[in-house]
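Only one structure is covered here, and it is reproduced in the block below.
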Amino acid sequence: MCRYGELALKGKNRGLFESRLVHNMKDCLKKNNIESEVERVRGRIFVHTDDEGALECLKRVFGLVSLSPAEIVENDEHKITEKVIDNVSRVDVSKIKTFRITTRRTNKKFSKKSGEMDILLGDAVNEKFGFGVDLTTPDLNIGVEIHDKTYIFHEKIECFGGLPLGITGKVACLIRNENDLLAAWLMMRRGCEALLLSISDPDHSFLEKYDYGAKIRKESIDNLGSAKEIIDNNKCKAVVVGDTFEDFDPVKYSETETAVLTPLIVYTEEQISELLEKIR
């Protein structure tokens with residue numbers, strides 16, 4: 001089960017954003033040789049696969065905010081109850097003191113409302129395992145989503161969010177050091193396709209773990225002034241640099257007529273180091 005966040009705020013463009021996200025997810029699965037089927041429903045995308053490697057690669061697809069391995073059962077309250085009990089049985093119950101049920105019903109033809117299912121399933125779990133109920137910070141949060149079928153899960157894997165790569169056009173990223181690579185990553189996370197303009201040659205291979213749907217391209221240049229033709233020919237909307245607040249000097253970039261973006265301008269050196277370590 002794949003969740004996306006701010007795509008839902010894009011109004012009339014929502015379908016375009018969702019389609020791009022599905023395209024990028026399929027590209028991810030194909031490049032990692034994972035056999036699967038991708039299904040889009042209201043507010044969710046489901047990837048049907050037996051390959052657990054899908055979790056590791058899909059969490060690097062920009063636009064996704066979280067993933068959950070889920071089990072599928074028919075929309076029958078008795079079968080749902082049995083599957084929930086079975087799901088909890090495979091958790092280390094010795095570490096569980098409190099729980100909650102979180103039901104989300106998009107299929108309005110299902111007879112019971114979300115709150116009613118919370119009570120029904122909660123009573124069944126409590127009777128079987130004797131956990132206490134905590135609706136704020138439970139040790140175990142059992143999710144139940146009722147669509148054309150019902151999906152049951154208890155694990156949530158965080159992703160990087162953002163927008164689907166390639167949805168917001170191209171940017172030229174000036175590459176001289178690791179900070180510039182991080183700036184390029186941050187723009188990719190905002191949906192921008194990255195063209196790397198490399199003056200020096202730091203290892204940028206970690207960026208390729210995130211370029212599903214819009215492959216990174218690289219051009220070697222002597223200086224930014226010599227890259228005007230490359231920037232124009234590739235219709236890049238901006239030049240991205242990794243300067244921080246302390247070392248940014250607009251005079252350095254006066255040779256380009258293209259807008260210069262500085263996504264690291266509000267980051268401290270400690271935050272930059274932490275983020276680089278996380279995304280590598």
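The values are calculated or read from the model by the stated rules, or taken from the named source; none is laboratory data. These numbers were taken from a predicted model, which means no experiment stands behind them. Every residue, glycine as well, gets a Cβ built from its backbone with ideal geometry; the counts of neighbours run over all protein chains shown.
Going by the conditions given, is residue 233 more than 27 Å from residue 21 (Cβ to Cβ) and crowded, with 18+ Cβ neighbours inside 10 Å? I'd like the intermediate steps shown before the answer.
Numbers: more than 27 Å from residue 21 (Cβ to Cβ): yes; crowded, with 18+ Cβ neighbours inside 10 Å: no.
When the stated conditions are applied, residue 233 does not pass them.
Among the listed residues 186, 182, 195, 174, which satisfies the condition of being more than 19 Å from residue 58 (Cβ to Cβ), in a strand (DSSP E or B) and either under 22 Å from the mean Cα position of the chain (by Cα) or not assigned by TED's automatic domain parsing to the domain that holds residue 269 (or both)? Walk me through it before giving the result.
Numbers: 186 fails: in a strand (DSSP E or B); 182 fails: in a strand (DSSP E or B); 174 fails: either under 22 Å from the mean Cα position of the chain (by Cα) or not assigned by TED's automatic domain parsing to the domain that holds residue 269 (or both).
Only one candidate passes the filter, namely 195.
Spot the failing condition for residue 227; the list is (1) crowded, with 17+ Cβ neighbours inside 10 Å; (2) in a helix (DSSP H, G or I); (3) under 30 Å from the mean Cα position of the chain (by Cα), and only one is missed.
(3)
Tally the residues that are more than 26 Å from residue 44 (Cα to Cα) and exposed (fewer than 14 other Cβ atoms within 10 Å of the Cβ), restricting the search to segment 90-127.
6
Would a scan of segment 74-85 turn up a residue that is buried (at least 20 other Cβ atoms within 10 Å of the Cβ), in contact with an Asp or Glu (Cβ under 9 Å, 6 or more places away or on another chain) and part of a loop (DSSP other than H, G, I, E, B)?
no
For segment 253-270, what are the residues that are free of Cβ contacts under 8 Å to residues at least 40 places away in the same chain and either exposed (fewer than 13 other Cβ atoms within 10 Å of the Cβ) or under 17 Å from residue 230 (Cβ atoms) (or both)? First the steps, then the outcome.
As a first pass, look at segment 253-270 and keep what is free of Cβ contacts under 8 Å to residues at least 40 places away in the same chain: 253-257, 259-260, 265-270.
Those that are free of Cβ contacts under 8 Å to residues at least 40 places away in the same chain and either exposed (fewer than 13 other Cβ atoms within 10 Å of the Cβ) or under 17 Å from residue 230 (Cβ atoms) (or both): 253, 254, 255, 256, 257, 259, 260, 266, 268, 269, 270.
Kindly establish whether residue 215 is modelled with pLDDT of 95 or more, surrounded by fewer than 14 Cβ atoms within 10 Å (Cβ to Cβ) and assigned to a loop (DSSP other than H, G, I, E, B). Before the answer, list the steps.
On the way: modelled with pLDDT of 95 or more: yes; surrounded by fewer than 14 Cβ atoms within 10 Å (Cβ to Cβ): yes; assigned to a loop (DSSP other than H, G, I, E, B): yes.
Against the criterion (modelled with pLDDT of 95 or more, surrounded by fewer than 14 Cβ atoms within 10 Å (Cβ to Cβ) and assigned to a loop (DSSP other than H, G, I, E, B)), residue 215 qualifies.
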